[in-house]
C-alpha cells in the first residue's frame, strides 16, 4: 500500500518560490459560480501533518512505469486510499486519438479495473465484461443480475473478481434483491454468491483474505474471499452507497444518515464517528495526508482528521457533492492538493491543508462522478450533456475535451487512457 503524507519543508519552500513564476490563477466568473461561491470554514485546532520521512513510499506516483502485462489497477480509485492519481509514461497525455471503443445497451456508469492485458468492467444492467486492453476484443461476457452501479474489485492472488449487484429481479431505480458475487477472472464463472436483500452499489475493496463492501440496508460487511462467509458486519443506521476506503488497517466509510465512520478492518470495531449536518454521504472517502476527504449532498466538501474524526475544514459549493476526490502530494506551484467536482458544474482544486480554493473551472454541466488524474491532468465528466474535460492541475486550463461522458471519467495503464462515455468505453492513445 502507498500512503500520501505531506512533503518536507524544503520541498514546500521550493514550491513557494516556483509559485512566484506561475501565471495568476484563472477563475471562471460565470453567474452560477457567483451564486454558489465557496466559503471556507477552518478549524485551527486540527493539525495538518507533515511527515517528512520516507517520501518515496508515501507517494502514489510511480517512478518507473510497470510493463503492461504486470500492471494492476485492481479497484475503484486505484489504491486502498482511493486517491485516483496515476503517473505513467511522460507521453500519456493529450492530444489523444481513439484506439477502440466498446458499447452496450446500458450506461457505463463506473470505470473498469485492469490486470495486465485484461480489462474488466460492468454496465448498469449487471453485464460483466472481460476485454483485451489492447484490442477491445471480449474474452467473455456474463450477466449476473438486472441492475448495478459500481466498479468490481480484483483479487489477483486468488484470481477472483468481486461484483456488487443492486438487483437480480428488477432494472429500475429502487429495485432490490441484490447479491455480492465472486467470479473467476479467467472464465467469468460464478464461484460463490452472498445474498444482499437491500442491494449493493458499494465498490468493494480487497485486503488479504477479506473483501469489504456496504449495502443499502446500512451494513458494512467483511467476507472471506474464498468462501463468502461473513467475518464481521457493522450496522451503520443509513444506506451505504460508496465503497469503504482503507489505510493502516482502518476502514473509512460514510452513509445516507450523514455519518462518517472509522472501523478496525480486522475486528469490525468502531474507532470514531463524525457527522455532516443536513446531508447524506454518497461518495467513497479519499484518505491522504492523515486526513479523510469526503463530500455531502448538503453541498459541502469536508476534511476530517484521520486519527480522531475531528473536522479540519469545510467548503460550501451550494449543490450536491457526489464526486469522490483525487489527491496529489505535490502540484507545482500549489503543493498538496485535493480535486473534486460539484453539481453546480464546477471543478475545484483545493489546498489540502487549509481548504483554500486554488482554482475553479466550470465545465458547463453538473459533475456527478469522481475526479481522476492521469499524468498531471485531472478529468471530469458532465452528467447531463455528454462531455469529458481534462484540466491542467496547476491552473485549471482545459487541455482535453471529448464529446462523450457522464459519470466517472477515466482510468489508465502505462500505454493508454480508458474513458467512460455514457454507453461506451473508449481506449485513448497519444496521437503521435
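The values are calculated or read from the model by the stated rules, or taken from the named source; none is laboratory data. All of these numbers come straight from a predicted model, not from anything done at the bench. Reconstructed Cβ throughout: ideal geometry from the backbone, glycine too, with neighbour counts over all protein chains shown.
Check the stretch 393-405 and report whether any residue there is assigned to a loop (DSSP other than H, G, I, E, B) and within 17 Å of residue 87 (Cβ to Cβ). Among the residues of the stretch 393-405, at least one is assigned to a loop (DSSP other than H, G, I, E, B) and within 17 Å of residue 87 (Cβ to Cβ), which makes the answer yes. Of all the listed residues (311, 246, 334, 260), the sole one being in contact (Cβ under 8 Å) with a residue 40 or more places away in the chain and surrounded by fewer than 20 Cβ atoms within 10 Å (Cβ to Cβ) is 311.
Scan the stretch 380-387 and give yes if some residue there is touching a strand residue (DSSP E or B) at 6+ places or on another chain (Cβ under 9 Å), assigned to a loop (DSSP other than H, G, I, E, B) and either under 17 Å from residue 319 (Cα atoms) or in contact (Cβ under 8 Å) with a residue 24 or more places away in the chain (or both), otherwise no. No: zero hits.
Against the criterion of being farther than 25 Å from residue 427 by Cβ, buried (at least 16 other Cβ atoms within 10 Å of the Cβ) and either touching a residue at least 24 places away in the same chain (Cβ under 8 Å) or within 23 Å of the chain's Cα centre (by Cα) (or both), residue 166 qualifies. Would you check which residues across the stretch 397-408 are in contact (Cβ under 8 Å) with a residue 60 or more places away in the chain and surrounded by 23 or more Cβ atoms within 10 Å (Cβ to Cβ) and list them? Those that are in contact (Cβ under 8 Å) with a residue 60 or more places away in the chain and surrounded by 23 or more Cβ atoms within 10 Å (Cβ to Cβ): 406, 407, 408. Filtering 137, 157, 193 for residues that are surrounded by fewer than 21 Cβ atoms within 10 Å (Cβ to Cβ), within 19 Å of residue 76 (Cβ to Cβ) and without any contact (Cβ under 8 Å) to a residue 40 or more places away in the chain leaves a single hit, 157. Within the stretch 266-288, can you find the residues that are surrounded by fewer than 24 Cβ atoms within 10 Å (Cβ to Cβ) and touching a strand residue (DSSP E or B) at 6+ places or on another chain (Cβ under 6 Å)? Those that are surrounded by fewer than 24 Cβ atoms within 10 Å (Cβ to Cβ) and touching a strand residue (DSSP E or B) at 6+ places or on another chain (Cβ under 6 Å): 268, 270, 271, 272, 273, 274, 275.
If you go through the stretch 225-249 one residue at a time, how many are outside any loop (DSSP other than H, G, I, E, B) and more than 28 Å from residue 191 (Cβ to Cβ)?
Here the count works out to 1.
Among the strands (runs of 3 or more DSSP E) confined to the stretch 125-177, the ones with at least 3 residues that are under 24 Å from residue 215 (Cα atoms), modelled with pLDDT of 95 or more and out of contact with any helix residue (DSSP H, G or I) (no Cβ under 8 Å at 6 or more places or on another chain) are located at 127-132, 153-155, 160-165.
The set of residues in the stretch 111-124 being under 21 Å from residue 322 (Cα atoms) and either modelled with pLDDT under 95 or outside any strand (DSSP E or B) (or both) consists of 111, 112, 123, 124.
Of the numbered criteria (1) at pLDDT 90 or above; (2) surrounded by fewer than 17 Cβ atoms within 10 Å (Cβ to Cβ), the one residue 45 fails is (1). Does the stretch 178-188 hold any residues that are under 18 Å from residue 73 (Cβ atoms) and in a strand (DSSP E or B), and which are they? Correct list: 183 only. Within the set 317, 346, the sole residue that is buried (at least 24 other Cβ atoms within 10 Å of the Cβ), modelled with pLDDT of 95 or more and over 23 Å from residue 238 (Cβ atoms) turns out to be 346.
If the condition is being over 15 Å from the mean Cα position of the chain (by Cα) and in contact (Cβ under 8 Å) with a residue 60 or more places away in the chain, then the stretch 265-298 contributes 289, 290, 291.
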